[in-house]
Each structure stands twice: as structure tokens, then as C-alpha cells.
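The values are calculated or read from the model by the stated rules, or taken from the named source; none is laboratory data. Keep in mind the model is a prediction, meaning the values are calculated, not measured. Cβ: placed from backbone, ideal geometry, glycine included. Neighbour counts: every protein chain shown. Remember, those area values only see protein heavy atoms, side chains included, never the ligands or the DNA or RNA. Shrake-Rupley method; radii C 1.70, N 1.55, O 1.52, S 1.80 Å.
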Amino acid sequence: MRKSQQGIFKNIDWLMVIIYLLLVTMGWINIYASVFNEDHYLITDLTQKYGKQMIWIGTSLLLALIILVIDGNFYAAVSWPLWILVLLSLIAVLFFGTEVSGSKSWFRFGEFGIQPAEFAKFATAMVLAKYLSQLNIKMTEVKTKIISSIIIALPIGLILLENETGVALVFFAFILVLYREGLSGNFLLLGVVAIVLFILALLINKTILIIALAIISAILFLFMRKTSQNFILLFSLFVLSSAIIYSVDYAYNHLQSHQKKRIDVFLGKESDIKKAGYNVNQSLIAIGSGGLTGKGFLNGTQTKYDFVPEQSTDFIFCTVGEEWGFAGTAVVIILFLILLLRILFIAERQRSSFSRIYAYGVASILFFHLSVNVGMTIGLAPVIGIPLPFFSYGGSSLWSFTILLFILIKLDAYRLEILR
Amino acid sequence: MNTLSGRKLVIGGIFVAVCAIYLLRLFFIQVMDDSYKLSANNNVLRYMTEYPARGLVYDRYGTLLVYNEVAYDLMVTPRQVKVIDTLDFCKTIGIKKEQFIKKMKQAKAYSSYKESAFEKQLSKETYAALQEKLYKFKGFFVQTRTLRKYPQEIAAHTLGYVGEVNDKIIAANSYYKLGDYIGISGIEKSYEEELRGKKGLKIQMVDVFNRPKGRFKDGIYDTLAVSGQNLVSSLSAKLQKYGEQLLQNKTGAIVAIDPSNGEILASISGPSYNPNLLVGRERTKNYGKLFLDKSLPLFNRALMAYYPPGSTFKLINGLIGEQEQVTFRETRYPCARGYPVMGGKPKCHPHPSPMDLPGAVSTSCNSYFCYVFRSIIDNRKKYANVVEGYNAWRNYVLSFGIGKKIHTDLPQELPGNVPTQAYYDKYFGKNGWKSSTIVSLSIGQGELGVTPLQMANIICSIANKGFYYTPHIVKGIGPKKEPRPEYKIRHYTKIAPEYFEPIIDGMQGAVDHGTSTAARLKDIVVCGKTGTAQNPHGKDHSVFIAFAPRENPKIAVAVLVENGGWGATWAVPIGGLMIEKYLRDSISKPDMEKRMLEGIVLSTEKKKAKETE
């Protein structure tokens, strides 16, 4: 028994574990503060969100232990079956799920619910790692790109069908993984250009934008060597851009009105702070009013009195900002940054490609969540309803992030036992 | 693979860059920018004003003149309004459905989350009916506030009224906030600071639905409302009411003052109105009506109307003559039914001649006082020319509180007019006038303008033999029951006390056997003087000033009845009744009383007086 205990924690990266525990605990305390109910002042009160979160934390720790106990080879082996199982559950939820505010992504079991989309994150990270770690795979090959794209696109498609746009967007983070594994940096650039085009398409009349692009292309061609190759390159780029603009325009016009509003508000096209911009405005007020050291534990009026919406889930960062001030927000961001950089460091020390690629997947997902979630609370990103990892209230998300991270911790602990 | 591992730096770089941007942004909004703190406070803090009870006003005998009555404002928080039985609701508060829709729109336009007044000042009956059903009308609640009530329904001009502050007042005085009430005229205005008390502030925290969440920081910033101070007015409600009755169906003013301390016992301006008209929901409507009324009920004649004092002014001229040593008790001047020096003008009525000073006062001889006036102004032993003489005379006059504001504690007081030397220089040209040019001043006509309050003050100065206390309407402020300190100071005229005897003798004579016998009282020595103020616009004004008793005077009264003709016709009997009412609280001449109460004096004057505001 003693030996096996030693075995579980052997070679474990304690820095990641400690940061994980810190973030989870801080999250719990902030959930307590954000929905504090004087009639149920015990943080362990199971009728309240904070009591429930305690259960989620407890079960997450249990999951973490189980993951550490299981053999390190197991994860690579079950990647495909697990991924297929998650995909099936994503389909099943479309039929048997409960609809919550327009999204059909939850299986409900009495008071508790499970959201399969959350679990698609680590499953996809594993499958991507499994696929790309094969010996004869090269990122430069078209076939690899296509298969990788399919692996990423399938869950996106299913999750979009569930009407969980925010969760679906997370999967685009895997482009960082592909980049690390050899995808041309141009794709990253292209991604950035696509985002810029996306925003421009929404702000500027599309005909004017396309004419402007045509002129820019023409000028570029004048300065480049006038080869047919360059011409084709520029021309196809122009066509691609135009296509993006048209599809964005089309997609935007077919969005649901609340999504349109959010985009409009983020772009500054609409500034009605009472309606669509209300959330961001109140969230800014909450964080901004925190000052250097915050208003103190349980003294956040913005969050406690419900001015900030979703204050225990998507907007949990507001409670940190309001009650703990810049000191609190800086600590949280720096903890996340240390965690992210630590994961990159760990990724690079892996002997197994699977472990390395998986680690990048973990970092990408955590980074996407962090940047979008915190970004929206401080007005630097559009309002996309995704949780802050380890912090936000919710069993599915906490479980999925715990599994995501602890598989990495296990793989890392197991790295020395892998034969080169 | 080695080349690719370099990409970790790119990815790590992205992580660091994004986190750095976020930290900077957080530092900026949390530490550098204070505006969010304000916004957060605006969100959560509701500053609730606790309105103090406005001070009450009593009369000199403790009769309540002004008190507060609870009024009920129906408030609405549009967001909380649930589907209600609109018809029932409208019926209960007595409005139409269209009004309901309009009012809801207004309330929503103001704020969906904050309460605003839906219907102001519900009656007690409406409130009672509504209260039982209020539970059905979610989003509505009733807020109580106070309205001023005037139970005696008298002294409208003196007590004044309150109204909501306007933007100007708010801009000028930070104490007042939108919706506050302030005294607009009368005591309500001049004692605003004493009456209003001090507003309290309760800071409450509310949640996003505007539900109260307790006191901010356990109430350490809260302040309690301090009630306004009660005032004791010098008015006698009984006398005031009596005077108003005497003046009904007449135009004019009565001012009665206690000469021993300057306390105004009654201040009547006719026609008047019921002060309760300017309270509550009907205020605007009523104000409009009063404003347009051709008889100018809003115009406080007692303080604002200029009348020539007429023969009452002879008293002052006589006093000045004595002080100047040009007239003595025994001085006799001839009268040939007029002033002989100027060929019988101004005219006089038949009476024995020549008369001494008291006799001239009693009979109100015009000629006598023309001589007196001339001997003052043309005293070339003392004054080199007419200008010097006139200025000396004018200074005497001003010392009786005429021609300048006497600074009573009521707003709207006007200074009256005693023409200056510059005025005559302009009118007649320099050196273009002499004592005979302005001889009408000797009998109180001409350019002289005196308010009824000033007339009453003149008679106080005479009753006191040479000094007056500034007439004031509030004799006690707050628990100390002291008037403002400036009202305890004697103001001396430029006439020595010994010169008053002959004049007072004359006044007594006027009442006992002269022009003012209608004011005679058994066992009380009344001293008075009639006047007929010439009125170029119509029938002359009837004037009477008197004080009583002769020793230790208790009341000085000035009566002016517009278009009342001879002083003896209306002013003297009314003055006599006022004196008797005050001193005896009973009336010995019921016939005369009846005649005065029922008498109607039609106004023949074209109204050109200034409006109150």
C-alpha cells in the first residue's frame, strides 16, 4: 500500500498541483462571496452554489487521484474510443438533452447536470496528440492538415448544433498545437488576418472593403516580382479574403439577435449600456471599483447585489476584481501565466510526442479560456460565455479541466518510464 | 524537430504578451481610473432624504396658524409593476385610462428601476381606499409627505405659502434638491431657514432590482432630520380675522402694531384670499385664478401699496415745526377756508380760526400746516436757501421710517417715497422751486408715497414720543421665543419727546370732539388723526391713524380704505373697532360694527399697482 502511494505521487510536478489547488480554492472562496446568502452562511451549505462547488471540488480531487493511479500508457491507448464516445454523447444530447436558455447541451440528473461539450475538450486534445504523434505523420502534408482539421471540426460542428457557440470557439485554440507541430506560421498570421477581416467586415460596408482589398493587392503586385506565381498567390489571397468577408457578412446576418448585439457592443457599434452592453459595463464597474486592494471579502456590492450577471460562472473574475482589487486580479493572472509557461516547459521535456502534443493542447485550451473569459470582463474581448478554468462554478467544467490537467501531470510523471 | 521546438518561444511569447496586456488594463481600470468607483456607488447607494417637519406658527395667544398635514404621494417603480387590473386601479385613484398610460410612460422615461411620483397628494379618502388594494398593485407604494395647512384661514399675505423649488433656487442654494419645498412668500419665506429644519440623509444599499439591502456601512454616514423651529407670530388671530371681516368688500389695508415693542398685531390687505387655496393639488389652478383677478388679491397692500398720507402727515409737520423752534403750542395761524398766503389754496373746511397747534390738529386745518411748513423751509436764519431747508425737513421725515425700507421681517416690503431735492430740481429746474411750490407736502399730498405699514409705524413713533421698534411679525423663534435681535432696538426720530404733547393733545381732541369722533371709546383715551388721501384716479382714499390708550399705548393702528372718501366715513370707524376689539375684546357700538361689516366700497380706481411677484 505504502509503495503504491509513493508510486502515485512519484515524479509528480508539484508546482502544477499547487497552482491547481490554489486556483480551485480561490475560485471556491469567490463563488462563496459572489452568491453569498446570509441565511446560509456556511461555505459547506449544500443548498447553495458554494456548497455544491465543494462537492465538485471533492469529486474532482477524487478524479485526479484516479487519473494518477491509472497506468501512464492508458491515455494514449483510450484516446480514440474516448473521443468517439464523447462525440456520440454530443449527438445524444441533441436528442435527450435538456434545453437551457436556447442551448441543448445538458444531460440533467435531478439537480445536477453534465455538459458533454466540456469533456470534448480533453478528448479532442488526446486524439489530436494521438494522431499527430504517429511516426509517419508530417504537419506539412496536406493529408495531415485535413485529418487534423476534421478531428477539430467534428466536435465544433456538433457543439454548434447544440447552440453552444462559446464552447465551440475553444477548439480553434488547437491551431497553436498544430503550429507547434509544424504548421506554417502563415496559418497563424492568416488566422490573425482572418480575425481582422472579420472585424472589418462587420464595421465597413463589404463592397467598399473588397474594392479596398483589390487596390491593396494591385499595389502589392506592383512592388513584387511580376511572376505568374506571385500573381496567383495574391489573387487567391484576394479571393479568399473576399470569401471570408462575404461569409462573415452572411453569418452575421443569420446570427441570433442577442449574439448580433454582443458583437455590435464589442465593436462599439452599439453602446446601449442598459441592454446588450449592460453586462460588460457592470463587469467593468465591478472590477474597476475594486481599486488596488479591493473592497474586502464579502463587501463587493456589484457582485453581491446582482449588478453583474452570471457572477459565479462566466463573470467570476469580477468578484476577484471587486473584492480583492488589483492585488487579487494580478495574483490570479500571474498564477495562470506561471501554470501556462510551466506546461510549455513540461511539454518540451517529454520524450513521448503524444505527451508533448497533449501538453500543448492543454496549454492552448487553458490559454483560450483565460484570455477570452478575463478579456470579456475587462472589455478586451467579446462576451463569449465560457468559464474561467478552475475558478468558475460548475461541475462539468471543473471536472473537465481537472481531467485535462491531471492527465498531463500523470503523463509527465510517467515520462521517465517511457523508452525512447 | 529542433527547429520546431523554437516555436515554444513564440507560443510562450503570446501567453506572456496577452497576460501583460491584461495586467496593464487591470492596473489602469482598477488603480488609475476612479470613475468606476463612482459608478459602483451610483449603482448600489440610494440617498434617501428624510424630510424634517416644517416648523409650526402660532399667534401671540397660542392659536395655531400654520401646521403640517400629511399628504400621500403615490409612487411607482415601473420595472416592478406587474399586470394589474388597470380599470380598478384608475377608478380607485380617480384617473382615466389614458392618463394612466401617459403617467406610466413618464415614469418609465424617468427610470424603470427608480421610483418616481405617479400621482401626487392623494386625498385621505383616496389613500384609504387605495391602501386596502395596494397589495394588488405591485410596483406602487405610497410615500407620505407634509402639506402646509392654515386652520384659521386668515393672514394669507403675511403667512405666505410654500412651493416646490425651481432650477434657479437649486442652482443658487445647494441645500435644495429637486422636489423640495421652500417658502415663497410671507413668513414662510422670510423665516425659511428657521422653519425648514434640517434634512436628514439615509444611505441605503439596493440590489440590481432596487430592493433595499440594508444601511450603508451600518449607517455611520446617516444623519437624522431635525425638525424646523416653531414660530410665535405677534399676530392676534382674533384681531386679524376681525380686521379681515371689516375690510371685506372693500379695498385697502389695516396695520395694527403694539407700539411698546413693534409687534405687528394685525396686517390686513383687502381683498385677500384663503391661504389654503395655495396648497396641494389645486395650487397651480388657484394661483392662476388669483393672479388674473382684477382686484389683485395677491397684492399685499399693507406692505406694498403707496398712498399719500393725507392729513395724517400734518402730525409730522407739526412735530418738525416744534423741533425747529418755529412752531409752538400757542402759535396761531389764520385760516380763511384756505391758505391765505396763496390766495386760499389749498382749501380748508369751515372751523374756528385762528387756532393753536392742538386745535389745528384736532380740526385738521390745512392752512395752519402750510404756515408751519413754510416757516420750516423758509427759515433763513437757519437755512441759507430753500434747498437746505427742504433737506433738513426731509431728514426729519425719513427718521419716522418713511421713504426707505424699515426692514420688517416680511418679504416684499417697499420703501415708499419722499421726494428728493434732486427730484424737484429735475422737475422744476434748479432754483425753480420754493416752499410754496411744494406746499402740498405740508398736508400729506403731492409726491409722498407711504405704505400702510409705514403709517402704522409713524403712529407708533408718536405714541412712544419719539422712537419706534421696527415692526415685525415674529416675536418668538424656537424654544427661546425671542425675536430676531434687531427688533429689540429702538429707532429714535429726530424729534425730542417734549414736543409730542401738543400733537397728542390735538389727536385726542380729534377723537373726542374733532374729525375722528367715530373712534371714541368709553374709558379709553384714543388719539387719532384722519386723512383723506387725494386720488387722481378716482374717489379719494379714506385714511385714519390712531393709538390707544394715551398712557402706555397698547395698540397703534393705520387704516386705509381705497376710494372710501372722507377719513371719517370708513377709516375712522374701522380703526375704532379694531382698537376696541384688541383692548376690550368686545364691541360697544354694534350698529357701527354692522355698518362696517356690511359696507361695500366699490373700487373706482383703475388698477395699475404692481403684481406681487
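Things to note:
- A:G291 satisfies every condition listed in (1) of a type outside the set (A, V, I, L, M, F, W, C); (2) at the interface with another protein chain (Cβ under 8 Å from one of its Cβ atoms); (3) under 24 Å from A:K260 (Cα atoms) except (3).
- Yes/no for A:T329 being among the β-branched types (V, I, T) and farther than 25 Å from A:E164 by Cβ: yes
- In summary, no helices (runs of 4 or more DSSP H) completely within region A:130-180 bear 3 or more residues that are in contact with a strand residue (DSSP E or B) (Cβ under 9 Å, 6 or more places away or on another chain).
- Some residue of region A:192-214 being within 14 Å of chain B (Cβ to nearest Cβ) and either surrounded by 10 or more Cβ atoms within 10 Å (Cβ to Cβ) or of a type in the set (V, I, T) (or both): yes
- When A:L380 is tested against (1) at the interface with another protein chain (Cβ under 8 Å from one of its Cβ atoms); (2) of a type in the set (A, V, I, L, M); (3) not in a loop (DSSP other than H, G, I, E, B), just one condition goes unmet, and that condition is (3).
- Of residues in region B:2-55 being touching a helix residue (DSSP H, G or I) at 6+ places or on another chain (Cβ under 9 Å) and assigned to a loop (DSSP other than H, G, I, E, B), the one farthest from the other protein chains (Cβ to nearest Cβ): B:G55
- Of the criteria (1) within 13 Å of chain B (Cβ to nearest Cβ); (2) assigned to a helix (DSSP H, G or I); (3) at pLDDT below 85, which one A:I244 fails: (1)
- Failed condition for B:F89, given (1) within 10 Å of chain A (Cβ to nearest Cβ); (2) open to solvent by less than 70 Å² (accessible area, probe 1.4 Å); (3) among the hydrophobic types (A, V, I, L, M, F, W, C): (1)
- Qualifying position, being within 21 Å of B:D409 (Cβ to Cβ) and either of a type in the set (K, R) or touching a residue at least 24 places away in the same chain (Cβ under 8 Å) (or both), among B:L247, B:L231: B:L231
- The lone criterion from (1) within 28 Å of the chain's Cα centre (by Cα); (2) surrounded by fewer than 16 Cβ atoms within 10 Å (Cβ to Cβ); (3) modelled with pLDDT under 90 left unmet by B:P334 is number (1).
- Screening the candidates B:A109, B:A71, B:A117 for the property of being among the small types (G, A, S), open to solvent by 40 Å² or more (accessible area, probe 1.4 Å) and part of a strand (DSSP E or B) yields one hit, B:A117.
- Subset of region B:95-106 (residues that are within 18 Å of B:D73 (Cβ to Cβ) and open to solvent by 60 Å² or more (accessible area, probe 1.4 Å)): B:Q99, B:K102, B:Q106
- Subset of region A:88-119 (residues that are assigned to a helix (DSSP H, G or I), over 25 Å from A:L46 (Cβ atoms) and open to solvent by 20 Å² or more (accessible area, probe 1.4 Å)): A:L88, A:S89, A:I91, A:A92, A:L94, A:F95, A:F96
- The listed residue being within 28 Å of B:Q323 (Cα to Cα), of a type outside the set (G, A, S) and assigned by TED's automatic domain parsing to the domain that holds B:P309, out of B:V572, B:V511: B:V511
- Flag if A:S400 is over 28 Å from A:K261 (Cα atoms), buried (at least 24 other Cβ atoms within 10 Å of the Cβ), touching a residue at least 12 places away in the same chain (Cβ under 8 Å) and out of contact with any Gly (no Cβ under 6 Å at 6 or more places or on another chain): yes
- In region B:544-566, the count of residues that are among the small types (G, A, S), open to solvent by 20 Å² or more (accessible area, probe 1.4 Å) and not in a strand (DSSP E or B) is zero.
- In region A:317-331 there is at least one residue matching the filter, namely being of a type in the set (A, V, I, L, M), more than 17 Å from B:D34 (Cβ to Cβ), more than 7 Å from every other protein chain (Cβ to nearest Cβ) and buried (at least 22 other Cβ atoms within 10 Å of the Cβ).
- Qualifying residue in region B:404-412 (condition: β-branched (V, I, T), assigned by TED's automatic domain parsing to the domain that holds B:I377 and more than 21 Å from B:L319 (Cα to Cα)): yes
- Scope region B:585-602; condition open to solvent by 50 Å² or more (accessible area, probe 1.4 Å) and not β-branched (V, I, T); matching residues: B:D585, B:S586, B:S588, B:K589, B:P590, B:D591, B:K594, B:R595, B:E598, B:L602
- Among residues of region A:62-76 being in a helix (DSSP H, G or I) and open to solvent by 70 Å² or more (accessible area, probe 1.4 Å), the one that is nearest to A:E38 (Cα to Cα) is A:L62.
- Conditions (1) among the small types (G, A, S); (2) within 24 Å of A:F368 (Cα to Cα); (3) open to solvent by less than 30 Å² (accessible area, probe 1.4 Å): number failed by A:S133: (3)
- Some residue of region A:299-316 being part of a loop (DSSP other than H, G, I, E, B), touching a residue at least 40 places away in the same chain (Cβ under 8 Å), more than 24 Å from the chain's Cα centre (by Cα) and facing another protein chain (nearest Cβ under 10 Å): yes
- Matching residues, region B:120-163, being assigned to a helix (DSSP H, G or I), open to solvent by 20 Å² or more (accessible area, probe 1.4 Å) and polar (S, T, N, Q): B:T126, B:Q131
- Enumerated strands (runs of 3 or more DSSP E) restricted to region B:164-254, each holding at least 2 residues that are more than 14 Å from chain A (Cβ to nearest Cβ) and surrounded by 22 or more Cβ atoms within 10 Å (Cβ to Cβ): B:231-233
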